[in-house]
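K.L.:
Here it is, the structure in full.
What follows is calculated from the coordinates using simple rules that are stated; it is not laboratory data. What you see is a predicted model; the values in this text were computed from it and never measured. Virtual Cβ from ideal backbone geometry, glycine too; neighbours counted across all protein chains shown.
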Amino acid sequence: MVQLWLFELLKGTGRLFLNPVFYYLIFLSGILGVSRVKRERKNFHTRTFDAYYELRQLFPLGLIVGLVLSVATVLAGITVPFAAILLIAGFTVLWSLTTNIRLMSPVYTVGAAFFGIILIAEYNWNIPFFKESFQAIDEKVYPSVVILLALLIISEGILIFKNGIKGTSPKLAKSRRGQNVGVHEVKRFWLLPMFLLIPGETLTVAFEWWPVFHIGVESYSLILVPFAIGFNQQIQGMLPKQSIQLQGRRVITLGVGILILSVIGYWYPLVSIIVAAIAIICRELISLTQRLRDDNLPFYFSKKNNGLMIIGIIPESPADKMGLQVGELLSKVNGVKIRDEQALYEALQKNRAHCKLEVLDVNGEVRFVQRALYEGDHYELGILFVQDQRKFDERIG
């Protein structure tokens, strides 16, 4: 039995590379990276992370979370019909065409697939090439799909909390009063590959070569499905880390609540429909609440009278190595009070071999940092600021 499972796991893993969604997500992550770099160069004449940063975030944490979910679902014997996998992939591609990354959250892709299954079963629609897969659906599969939805929502919250805070991108904007301000934005895809048990032999109808194994009298196929998780959030009134982690905690809480409610569906399958609808509505409310709350807060990254607000740090720059943080206020450089970038540059010129900075951290407390400067170091230490009005208009225009 152990050898059989290992053999099926290896074959199921190999099938991942036959799934077009896998390559599609790689392509979309590359597009996000290139677009971000282009915008940052327009705003600041430089970029923070390279264009491959989003692509590097696509895999590591998602692989770990996917492995944990795979073990949990397989051991629990949760089976998902192949028809649901097809519809999830279809809606993943469809929602991506809207260019709204937020719609690639599992609550929208899996949720749409769930209601798609219901409609197809209700009206007995004929789906070319996969007719047998959709005809095999009955209401008994509803709870399993909703449990999968709940697990993916929890995973989304974990990925937002742990990874969404990394590499947020600074950008320039104008307030309602026409003042130059800064905001932070995160657009991210995560790939969450997950082993799922497909009941019966529906896969062999479309793919005769697909492996099937038996547990008792029941037959199953094991398939590694690449789930897409898209996240998009813009932050203007808080520090990016605080706002994104708050969003992550709320999504995790929603996922746990939906998971608890979804279990009831095994006794009352129609309850699964209500739970799926609740999941979609509540996830939308979480996003809406965040946007409304953020819009009602004053801009965090705006011009200050007592120093220069740091909106971004270039990796591996002197500022990064000195431990400067986004949201801190640079008040003095080499003993000189600074109010704009020109003053910063002139203060650095006073001592080209060494710099000493006085910084107000995010708690308003003063700290001092210093570092030797070397030839080739960024002339402004690798710090991005909210631009003065003239520079802002030039770069935005």
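K.L.:
Show me, for segment 183-199, the HN-Hα J-couplings you get by feeding each phi into the Karplus relation (A = 6.51, B = -1.76, C = 1.60, θ = phi - 60°), rounded to Hz, glycine and proline as x.
P.N.:
Calculated HN-Hα couplings, in order: 9, 10, 9, 10, 10, 8, 10, 10, 9, 10, x, 9, 6, 10, 8, 9, x Hz.
K.L.:
Place a label point 7 angstrom from the Cα of VAL68 along the Cα-to-Cβ direction, then list the residues of segment 152-173 whose backbone nitrogen is under 11 Å away.
P.N.:
Those under the cut-off are 154-159, 162.
K.L.:
Work out how much length LEU75 to LEU270 would gain on full extension: take 0.36 nm times their residue separation and subtract the Cα-Cα distance, in nm to one decimal. Numbers along the way, then the final one.
P.N.:
On the way: separation 195, 0.36 × 195 = 70.20 nm, distance 2.50 nm.
Contour length minus the Cα-Cα distance gives 67.7 nm.
K.L.:
Take the alpha carbon atoms of segment 217-295, find their radius of gyration, then divide it by 2.2 N^0.38 Å using N residues; give the quotient.
P.N.:
Relative to the rule-of-thumb radius for its length, segment 217-295 sits at 1.46.
K.L.:
Taking 35 Å as R0, compute the FRET efficiency from the Cβ-Cβ separation of LEU97 and GLU346 and round it to 0.05. Mind showing how you got there, number by number?
P.N.:
Details: r = 50 Å, r/R0 = 1.43.
Once the sixth-power term is evaluated, E becomes 0.10.
K.L.:
Give me, ordered by chain and number, the residues 5 or more places off MET238 or on other chains with an amide H under 5 Å from its own placed amide H.
P.N.:
Excluding prolines and chain starts, which carry no amide H, the hits are TYR300.
K.L.:
If a/c stays under 1.5 just call it rounded; otherwise compare a/b with b/c (prolate if a/b is bigger, oblate if not). Do that for segment 33-113, with a ≥ b ≥ c from the square roots of the Cα gyration tensor eigenvalues. Show your work: numbers first, answer last.
P.N.:
Details: a/c = 4.26, a/b = 1.83, b/c = 2.33.
It is oblate, given that a/c is not under 1.5 and a/b is not larger than b/c.
K.L.:
With labels modelled as points extended 7 Å from the Cα through the Cβ direction, what inter-label distance (nm, one decimal) is found for LYS174 paired with SER287?
P.N.:
Using points 7 Å along Cα→Cβ, the separation is 2.8 nm.
K.L.:
Follow-up. Could you tell me what a quarter of the Cα convex hull surface of segment 247-397 works out to, in nm² with one decimal place?
P.N.:
Details: hull surface 52.3 nm².
Hull-based average projected area comes out at 13.1 nm².
K.L.:
Find how much the distance from PHE115 to LYS356 grows on full extension, using 0.36 nm per residue of separation minus their present alpha carbon separation; answer in nm with one decimal.
P.N.:
80.7 nm
K.L.:
Taking the Cα atoms of segment 260-316 alone, what are Rg (to one decimal) and Dmax (as a whole number) in Å?
P.N.:
Cα radius of gyration and Dmax of segment 260-316 are 21.4, 63 Å respectively.
K.L.:
Among the listed pairs LYS38/LYS166; LYS174/LYS350; LYS187/LYS356; LYS162/LYS332, which are separated by more than 28 Å between their Cα atoms? Walk me through the numbers on the way to the answer.
P.N.:
Details: LYS38/LYS166 19 Å; LYS174/LYS350 34 Å; LYS187/LYS356 35 Å; LYS162/LYS332 33 Å.
Long pairs (Cα-Cα over 28 Å): LYS174/LYS350; LYS187/LYS356; LYS162/LYS332.
K.L.:
Here's a follow-up. Taking H as built 1.01 Å from N, whose amide H comes closer than 5 Å to the amide H of GLU328, not counting residues under 5 places away?
P.N.:
Under 5 Å from the amide H of GLU328 lie the amide H atoms of ILE310, each far enough along the sequence or on another chain.
K.L.:
Could I ask something else about it? Under a 5 Å amide H to amide H cut-off, with H placed in plane at 1.01 Å, what residues pair with LYS304 once short-range neighbours are removed?
P.N.:
MET309
K.L.:
Right, next: Taking θ = phi - 60°, what integer Hz values does the Karplus form 6.51 cos²θ - 1.76 cosθ + 1.60 yield along segment 230-242, in sequence order, with x for Gly and Pro?
P.N.:
x, 9, 9, 8, 10, 10, 10, x, 9, 5, x, 4, 5
K.L.:
If you don't mind, another one. Between SER35 and LEU246, what is the spin-label point distance in nm, taking each point 7 Å from the Cα along the Cα→C-beta axis?
P.N.:
Simple spin-label model gives 2.6 nm for this pair.
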